[in-house]
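See below for the structure under consideration.
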Amino acid sequence: MSSDKKIIIAIDGYSSSGKSTMARHLASAIGYRYIDSGAMYRAVTLWAMRAGLIGDDLAPDADALVSRLGEISIDFSVNPDGTQHTMLNGEDVESAIRTLEVSDRVSPVAAIGGVRKALTSMQRAMGVEKGIVMDGRDIGTAVFPQAELKVFVDASAECRAERRYKELKAKGEDVTYEDVLNNVRTRDRIDETREESPLRKAADAVSLDNSAMSTDEQNEILLGLYEKAIRNS
Ligand code: CDP
């Protein structure tokens with residue numbers, strides 16, 4: 001299934017559309033490195049919350065945050081079972097970055113030009129040797145416009161909220177479906193309308209609406225797209 005030829009695979013889409021699950025599965029099936037770019041924005045957000053740079057109105061202090069970006073180091077540790085954990089200044093923050101508290105604050109942080117610039121250059125450096133699957137909002141449009149395979153994933157807001165609600169409940173978070181749906185809708189709006197690399201489908205991306213698809217089905221489709229991209233590259 002894997003090939004000697006290495007390509008870059010960009011998987012973008014709306015919040016909670018299941019991109020990460022698909023991207024992780026594909027990377028493991030073909031022996032590629034998987035990078036969750038959203039985890040990087042979440043880690044910066046968690047750091048800013050702890051540094052007191054995000055107000056009660058959820059608005060970050062953009063100037064202070066950009067001037068202190070040098071204090072933040074983000075890495076991924078790979079566990080023996082292949083799962084990845086996001087590391088913030090050496091601390092494993094994989095669970096801490098997935099809470100609704102962080103979700104409620106991340107999109108305004110990700111709209112800051114200086115933050116995007118710094119993370120984009122880190123993400124490009126990770127793709128220098130190709131053989132990478134990266135998921136996010138702007139991977140096919142801004143980070144790797146030259147990616148050999150671009151996929152844009154979508155599903156209805158209600159369906160995405162339902163999936164994320166179940167995920168958070170399973171982790172023991174005290175949330176309501178309405179809170180999650182609100183968060184999904186608000187992030188969609190901020191991500192789509194921001195000035196810097198807004199969320200949109202790249203002209204050459206393949207659309208995938210997975211509202212009515214099982215994970216097996218979406219994995220199979222993605223693998224087919226990878227095989228086609230390898231043949232054509
Ligand atoms: O919750 P979900 O997995 O859908 O989102 P995520 O991939 O963890 O991303 C969290 C937030 O980071 C998004 O809502 C965007 O505001 C931002 N983000 C971004 O701006 N650009 C990326 N390449 C990835 C994420």
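Peptides 54-62, 7-15 ranked from most to least packed give 7-15, 54-62, packing being the mean of other C-beta atoms within 10 angstrom over each peptide's residues. At an R0 of 22 angstrom, the distance between the Cβ atoms of Ala64 and Glu196 translates into a FRET efficiency of 0.75. Restriction of the GluC sites (Glu not before Pro) in region 79-132 to DSSP coil positions whose beta-carbon has at most 10 other beta-carbons within 10 angstrom yields Glu129. Quotient of the Cα radius of gyration of the chain and 2.2 N^0.38 Å, N being its number of residues: 0.97.
Report, in deg cm²/dmol and to the nearest 500, the calculated mean residue ellipticity at 222 nm for the chain, where each DSSP H run with n ≥ 4 adds -39500 (n - 2.57) and the sum is divided by the residue count. Using -39500 (n - 2.57) per qualifying helix, the result is -14500 deg cm²/dmol. Quick one: helix 157-170 against the long Cα principal axis of the chain, what's the angle to the nearest 10°, folded into 0 to 90? Helix 157-170 and the main axis of the chain meet at about 70 degrees.
Backbone geometry of region 10-25 corresponds, through the Karplus equation with coefficients 6.51, -1.76 and 1.60 at θ = phi - 60°, to 3J(HN,Hα) couplings of 10, 10, 10, x, 6, 4, 6, 8, x, 4, 5, 4, 5, 5, 5, 5 Hz, x marking Gly and Pro.
Under 24 Å of direct C-alpha separation, and excluding same-chain neighbours fewer than eight residues apart, Lys228 reaches these lysines: Lys5, Lys6, Lys19, Lys130, Lys150, Lys201. Working note: Debye formula, equal point scatterers on the alpha-carbon atoms of region 124-209, no solvent; log10 I(q)/I(0) at q = 0.24 Å⁻¹ is -1.13. Remark: region 136-147, residue by residue, has Karplus-estimated 3J(HN,Hα) of x, 10, 10, 5, x, 9, 10, 6, 10, x, 8, 3 Hz, where x stands for each Gly or Pro and the curve is 6.51 cos²θ - 1.76 cosθ + 1.60 at θ = phi - 60°. For a paramagnetic label modelled on Val78 (point 7 Å from Cα along Cα→Cβ), amide N atoms under 20 Å away belong, within region 19-57, to 20-40.
Packing here is the average count of other Cβ atoms within 10 Å per residue, and on that basis the peptides 167-173, 35-41, highest first, run 35-41, 167-173. Say the dipole of the chain comes from +1 at the beta carbon of Lys and Arg and -1 at that of Asp and Glu; which of Ala23, Val44, Ser107 then lies farthest toward its positive end? Value computed over the given set: Ala23.
On the basis of the beta-carbon distance and an R0 of 35 Å, Lys171 and Leu223 show a calculated FRET efficiency of 0.75.
For region 182-233, GluC sites (Glu not before Pro) meeting the loop criterion (DSSP other than H, G, I, E, B) and having at most 11 other Cβ atoms within 10 Å: Glu195. FRET efficiency for the pair Ser28 and Met126, taken as 1/(1 + (r/R0)^6) with r the Cβ-Cβ distance and R0 = 22 Å, rounds to 0.85.
In sequence order, region 178-190 has phi-based couplings of 4, 4, 5, 4, 4, 5, 4, 5, 5, 5, 3, 5, 5 Hz under the Karplus curve 6.51 cos²θ - 1.76 cosθ + 1.60, θ = phi - 60°, and Gly or Pro positions carry x.
No value in this document is a laboratory result; all are computed from the given coordinates. As the structure is a prediction and not an experimental result, all values here were calculated from the model. Quick reminder, even Gly has a Cβ in these numbers, built from the backbone with ideal geometry, and neighbours come from all protein chains shown.
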